[in-house]
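Novice: Pasting in a structure now, in structure tokens, and then I'll have a few things to ask.
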Amino acid sequence: MSRISDRQTRTSVNHTVPAPQEQWYALHVLSGKERRVVENIARLVKEQELSSLIFQTLVPTEKVEDVRNGKKYVVERKLFPGYVYINMALRNEDGSLNNDAWYKILAVDGVISFASGRREPHPMRADQVADLLAQVEACKDVARPKVSFEVGDFVKVLDGAFQGQNGKIEEVDADHGKVRVGVEIFGRTTPVDLDYSQVALLTPDELEDLERARNAN
């Protein structure tokens with residue numbers, strides 16, 4: 001899943017200000033505290049009756065399939081750690097900033113800053129908002145593998161009797177999180193069944209070294 005947070009956290013001051021209920025902003029928050037920030041903002045809205053200014057907060061997530069001990073689990077992972085997106089009327093129709101609302105959000109525990117604008121925040125562009133919401137919708141019900149291997153990939157063995165050996169994936173069992181890797185032993189390729197957690201894809205530098213070693217032989 002490609003990350004689009006850079007596009008989503010940079011906005012231009014030279015565009016028409018969206019209508020109050022269509023304004024979205026990216027908040028830079030303490031990593032790992034995203035949910036707490038959302039709760040704190042919800043409390044602020046309730047206690048100070050700000051529902052006419054603050055409409056929605058969003059922590060984009062995706063579902064990821066993980067395999068542990070041969071069993072498949074689905075876990076939720078944040079798409080943009082350290083960011084919370086907020087839909088609020090921070091700028092008036094004439095473009096002026098609602099300073100009171102701005103200061104209230106900055107005072108929320110866990111909020112570091114608004115991610116757009118050096119001196120004062122500016123709303124995300126309409127296309128940025130559309131991209132964000134589309135990505136959130138696309139990730140809602142679809143779980144993707146945490147680690148993805150394909151036949152033909154070169155990997156390094158991280159654990160077990162063949163630790164440190166390189167090999168080529170011959171089979172992939174995604175349902176059980178296992179791969180069959182052809183490992184060279186005494187000049188012969190031997191198939192070895194390993195868990196996903198026991199192997200890692202070779203880096204580009206490691207692939208280059210492997211190719212160089214093969215050519216040398």
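The values are calculated or read from the model by the stated rules, or taken from the named source; none is laboratory data. Just so you know, these numbers come straight off a predicted model, no measurement behind them. Please note: Cβ atoms are built from the backbone with ideal geometry, for glycine as well, and neighbour counts cover all protein chains shown. For accessibility, only protein heavy atoms count, side chains too; no ligands or nucleic acids. Shrake-Rupley method; radii C 1.70, N 1.55, O 1.52, S 1.80 Å.
Novice: Select from the stretch 18-60 those GluC sites (Glu not before Pro) which occupy a DSSP coil region and have at most 15 other Cβ atoms within 10 Å, ordered by residue number. Before the final figure, lay out the partial values.
Specialist: On the way: sites: Glu22, Glu34, Glu39, Glu47, Glu49; in loops: Glu49.
Passing both the DSSP loop test and the Cβ count: Glu49.
Novice: Here's something else I'd like to know. In sequence order, what are the phi-derived ³J(HN,Hα) couplings for the stretch 178-187 according to the Karplus relation 6.51 cos²θ - 1.76 cosθ + 1.60 with θ = phi - 60°, rounded to whole Hz, with x for glycine and proline?
Specialist: Running phi through 6.51 cos²θ - 1.76 cosθ + 1.60 with θ = phi - 60° gives 10, 9, 9, 10, x, 10, 7, 10, 6, x Hz.
Novice: Same structure again: Return the long-range amide H neighbours of Val199 (sequence gap of 5 or more, or a different chain), with a cut-off of under 5 Å between placed amide H atoms.
Specialist: Leu158
Novice: Let me ask something else about it. Keeping every protein chain in place, order His28, His122, His176 by accessible area at 1.4 Å, biggest value first, i.e. largest first.
Specialist: If we order His28, His122, His176 from most to least accessible, we get His176, His28, His122.
Novice: Also, I was wondering about something else. Can you tell me the alpha carbon radius of gyration of the stretch 103-217 divided by the globular rule-of-thumb value 2.2 N^0.38 Å?
Specialist: 1.72
Novice: So what's the Cα pair-distance distribution over the chain, bin width 10 Å, in %?
Specialist: 8, 26, 22, 16, 15, 11, 3, 0
Novice: Something else: By per-residue mean of other Cβ atoms within 10 Å, what is the highest-first order of 104-117, 78-91?
Specialist: Ranking the peptides 104-117, 78-91 by packing returns 78-91, 104-117.
Novice: Continuing with this model, one more query. DSSP loop GluC sites (Glu not before Pro) in the stretch 50-130 with at most 10 other Cβ atoms within 10 Å of their Cβ, which ones?
Specialist: Glu93
Novice: Using amide H atoms built 1.01 Å from N in the peptide plane, name the residues 5+ places from Gln165, or on other chains, whose amide H lies under 5 Å from its own.
Specialist: Those lying under 5 Å, H to H, from Gln165 are Val157.
Novice: If the only charges are +1 at each Lys and Arg Cβ and -1 at each Asp and Glu Cβ, what is the size of the charge dipole of the chain around the Cα centre, to the nearest 20 debye? Please list the in-between numbers first.
Specialist: On the way: 29 positive and 34 negative charges, 87 e Å.
Roughly 420 debye, rounded to the nearest 20.
Novice: Add -39500 (n - 2.57) for each DSSP H run of 4 or more in the chain, then divide by its residues: what number comes out at 222 nm, to the nearest 500 deg cm²/dmol?
Specialist: Result for the chain, helices only: -7500 deg cm²/dmol.
Novice: Here is a further query. If N is the number of residues in the stretch 56-149, what value comes out of its Cα radius of gyration divided by 2.2 N^0.38 Å?
Specialist: Cα Rg divided by the expected 2.2 N^0.38 Å: 1.41.
Novice: Quick query: amide H of Asp173 versus all other amide H atoms, modeled in the peptide plane; which residues come in under 5 Å with a sequence gap of 5 or more or a different chain?
Specialist: Lys178, Val179, Arg180
Novice: Using every Cα-Cα pair within the stretch 161-212, state what percent have a distance larger than 12 Å. Before the final figure, lay out each step's value.
Specialist: Numbers: 876 of 1326 pairs.
Tail of P(r) above 12 Å: 66 percent of Cα pairs.
Novice: Please report the Cα spread of the stretch 134-195 along all three principal axes, rounded to whole Å, starting with the longest.
Specialist: Taking the Cα atoms of the stretch 134-195, the three principal extents are 52, 19, 17 Å.
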